[in-house]
1. Being closer than 25 Å to Phe275 by Cα, surrounded by fewer than 17 Cβ atoms within 10 Å (Cβ to Cβ) and in contact with a helix residue (DSSP H, G or I) (Cβ under 7 Å, 6 or more places away or on another chain) narrows it down to one of Arg155, Arg207, Arg163, so name that one.
2. Mind checking which residues of the stretch 157-183 are in contact with a Phe, Trp or Tyr (Cβ under 9 Å, 6 or more places away or on another chain) and under 17 Å from Arg249 (Cα atoms)?
3. Given (1) closer than 25 Å to Pro251 by Cβ; (2) touching a residue at least 40 places away in the same chain (Cβ under 8 Å), identify the lone condition not met by Gly186.
4. Among the numbered criteria (1) modelled with pLDDT under 90; (2) farther than 19 Å from Pro115 by Cα, which one does Ala24 miss?
5. Can you tell me how many residues in the stretch 60-93 are assigned to a helix (DSSP H, G or I), among the small types (Gly, Ala, Ser) and out of contact with any Leu (no Cβ under 7 Å at 6 or more places or on another chain)?
6. In the stretch 12-44, what count of residues is obtained for those that are open to solvent by 50 Å² or more (accessible area, probe 1.4 Å) and either among the acidic types (Asp, Glu) or assigned to a helix (DSSP H, G or I) (or both)?
7. Mind checking whether some residue in the stretch 16-23 is in contact (Cβ under 8 Å) with a residue 40 or more places away in the chain and under 26 Å from the mean Cα position of the chain (by Cα)?
8. Condition first: open to solvent by less than 20 Å² (accessible area, probe 1.4 Å) and farther than 19 Å from Leu238 by Cβ. Now tell me which residues in the stretch 166-185 satisfy that.
Amino acid sequence: MTQRRLRLLLAEGSSGEAAAALHALYAGNDPGVDLTVVSTVATLLATIKVVDPEVILLDLSLYLREPMDAVHLVHRTAPGVPLVVFADPTQKSQAIHSLTEGAIDFVLKGQIDEPTLERVLRAALERNTLAGLTDLLRDQVTGLYSRDGFLTIGRRHQEEAVRSGGSMVLICVLFENLQALRDAFGPGTADRALNDVAALLKGCCRRSDVIGRLGEAQFAVLGVDAVAPSAAVMRNRLEQHLTVHNQTRSPWGPIDLRSSVGSWTPQDQRPFADFLDGIESSLRIGEEEIVKEKVSQG
């Protein structure tokens, strides 16, 4: 599963079922696993910084009075570390609820075998790797995803949509007068305007949507699990927010945005990069026409 020793931190009661399954899973494997086992939630919390685990595994039976408190505490202490919960079959409803408190998966006791653990750990590590990767793929000015980050996340959502039969919408946005603002008021004002655009896009989207700054003046919003008509709704909302924002922007003048929209379903065979390029192309065509018009006027 990995080319180095995997660091796991397990909080488990006296049964030792999960620890035994983990030892069996990695027995004879090179490089193997560094498994730290504790028997209380308090010890688990104190051990997180020492072990620096890649995955945390928590037995809900260690906190019988309020199991969700334990899940919440662990997730709050190490929000970037995938948390997997183990539970008695009688605690299944609580195990399911733990997914809303920070756990990424759960396994019922009596079903903790090697194939199940391998599947759960693989998913946890893939999630952790993706999160670490996308943190590196951020635009330094706005904090939005860069083009590479947007493509990475977009491809992942497209794969999930293929499996689930979901659909997506895409809005591409061009900040038309960015260079004019930079020339007139300086780079600091231009950066503030870029952050204003980022805030406007965030204000028009759901938390599940993906927003990126794809180039110097290019932005995009990917609506996940969204149907085609919602693209027009999102674009109208953006235009309304922009109108209100521009009324209070003096003395720097208005922000001019132009957008194009499109939708994707599993019947569309295009890779995500081609889907994005198709929506962006109309903005590029419009930009070329503006440049030609300025040249002819000059």
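The values are calculated or read from the model by the stated rules, or taken from the named source; none is laboratory data. Fair warning: this is a prediction, and the values are worked out from it, not measured in the lab. Heads up, the Cβs are rebuilt from the backbone with ideal geometry, glycines too, and the neighbour counts pull from every protein chain shown. We work out accessible area using only protein heavy atoms, side chains counted, and drop any ligands, DNA or RNA first. Shrake-Rupley method; radii C 1.70, N 1.55, O 1.52, S 1.80 Å.
1. Arg155
2. Once the filter is applied, which keeps residues that are in contact with a Phe, Trp or Tyr (Cβ under 9 Å, 6 or more places away or on another chain) and under 17 Å from Arg249 (Cα atoms), the stretch 157-183 yields Phe175, Leu181.
3. (2)
4. Status for Ala24: all satisfied but (2).
5. 2
6. Looking only at that region, the number is 7.
7. No: the stretch 16-23 contains no residue that is in contact (Cβ under 8 Å) with a residue 40 or more places away in the chain and under 26 Å from the mean Cα position of the chain (by Cα).
8. Correct list: Gly166 only.
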